[in-house]
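These notes are about the structure you will find just below.
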Amino acid sequence: MVLQRILKPLTGLALGCAALPSHADLVVLQYHHISDSTPAATSTSVSLFEEQMAMIADLGLAVVPLASGTEAALKGDDDAANQVALTFDDAYDSVYHTAAPILAARDYPYTIFVNTDAVGGHGYMTWEQIRELQADDKVTIANHSADHGHLARKPGEGEAQWQQRIEHSLDSAQATLEQQLGATTALFAYPYGEFDRALEGKLADRGWFGYGQQSGPIGATSAATRLPRFPMANAYGQLNSLPDKLQSQALPVDASQLPDGVMTDNPPVLSFELPDALSEGRLTCFASGQGRIDFRTAGDRIEVQAPEAFNSRRFRYNCTHPAGDGRFYWLSQQWLDLSQPED
């Protein structure tokens, strides 16, 4: 699996968003429960899920397997039509009972990220059910860790202790998937969407793609170990905003140069270089719970900082810029405050 990002040259482009080449990016949608009776924060109602799938079809967007779609997006394919990949975290039984039949009727591929210690527990799929779904070549089963733990190195945790904990969680889950299913994939979803640069290095060492929970599409300048997905729980997956997400493009900023996900200052500063072809006057940034926020320029760089400190463990900065034809470039940075308690 190719992990190296292929960057498109941006120099010499005329000003204006239409100057950047249009290409197909991958929009990955992230789900947990598909149910009307499970916790609201991680649930998508059955009717909303059906409407979301219908909207994808109405927009004429192809739903593709996650691995091949990610590889194509990172290569920067020249096709102007976005593609969509569907993912489900945790292997909840509502995916088996509710989502799977809906997706089978539309012939849509999808990926289930499994935290292996939970399989067979209350509300989760059994191995028999997972194997049944895996028998369909449109279904991919992938690694979501063994224990769904918080994998970033904890304050006061020794290097050796962290190494041992991470290697067990990543590798024992992969071994269990191979034992139970006879095959594994090089795809990993971070529990809670939490990662730091050291954890990204562990995935890179294994040749795995790493998927977070920060929003945005995957494009040629995305980083293979911090790939974005759009959360689709009821609060975030409403139909009025879904077309903008499905047709968005990755803001052409080298994501491998973005800050570590673990913040050191509160509020943190997000700094990136905006391509010459884009205008800072058309850039808009937002912070979790604080709405639209200002940014400043420092030479050729944009610096984004919320006006107020955060009191949550995880939060995000999102920046968008018009991309032409009613579409938007999109960049999201997830921050992790290790001083806040774990879930």
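Quick one: how many Å² of T126 are accessible to a 1.4 Å probe, rounded to 10?
Surface open to solvent at T126 totals about 50 Å².
With only Lys, Arg, Asp and Glu charged, each at its Cβ (+1 for the first two, -1 for the last two), find how big the charge dipole of the chain is about the Cα centre; round to the nearest 20 debye.
About 480 debye.
Relative contact order for region 155-263 using alpha-carbon pairs under 8 Å, separation at least 6, rounded to a whole percent?
22 percent
Over the chain, with a Gaussian network built from C-alpha contacts below 10 Å, which listed residue (A135, A99, A255) shows the highest mean-square fluctuation?
Maximum fluctuation in the GNM of the chain, among the listed residues, is at A135.
For S312 and A160, FRET efficiency with R0 = 22 Å and r from the beta-carbon atoms, rounded to 0.05?
Numbers: r = 30 Å, r/R0 = 1.38.
Here the calculated transfer efficiency is 0.15.
Calculate the FRET efficiency for T297 and A81 from the Cβ-Cβ distance with a Förster distance of 35 Å, rounded to the nearest 0.05.
Calculated transfer efficiency: 0.55.
For the peptides 206-212, 222-228, 268-274, what is the packing order when you average, over each peptide's residues, the other Cβ atoms within 10 Å and list the highest mean first?
222-228, 206-212, 268-274
Would you check the chain for Lys pairs whose C-alpha atoms are within less than 24 Å, ignoring same-chain pairs closer than 8 in sequence, and give me the count?
Working: K8/K75; K8/K245; K75/K138; K75/K202; K75/K245; K138/K245; K154/K202.
So the count of such lysine pairs works out to 7.
Connecting C-alpha atoms closer than 10 Å in a GNM of the chain, tell me which of E280, E200, E157 has the biggest fluctuation.
E157
Taking the Cα centre of region 238-321 as origin, sum charge times position over the Cβ atoms of Lys and Arg (+1) and Asp and Glu (-1), and report the length of that vector in debye to the nearest 20.
For this selection, approximately 400 debye.
Over the chain, what relative contact order in percent results from Cα pairs under 8 Å that are six or more residues apart?
Relative contact order of the chain: 19 percent.
Between Q340 and D136, how many nm apart are label points set 7 Å from Cα along the C-beta direction?
Rounded to a tenth, the inter-label distance reads 3.6 nm.
When you count, for each residue, the other Cβ atoms within 10 Å and take the mean per peptide, how do 240-249, 138-147, 160-169 rank with the highest first? Mind dumping the intermediate values first?
Details: 240-249: 17.4, 138-147: 21.3, 160-169: 14.4.
With the highest mean Cβ count within 10 Å placed first, the list reads 138-147, 240-249, 160-169.
The values are calculated or read from the model by the stated rules, or taken from the named source; none is laboratory data. It should be emphasised that the depicted structure is a prediction, and the values quoted were computed from it without experimental measurement. Using ideal geometry, Cβ is built from the backbone for each residue, glycine included, and neighbour counts are taken over all protein chains shown. Surface accessibility is based on the protein's heavy atoms, side chains included, excluding ligands, DNA and RNA. Shrake-Rupley method; radii C 1.70, N 1.55, O 1.52, S 1.80 Å.
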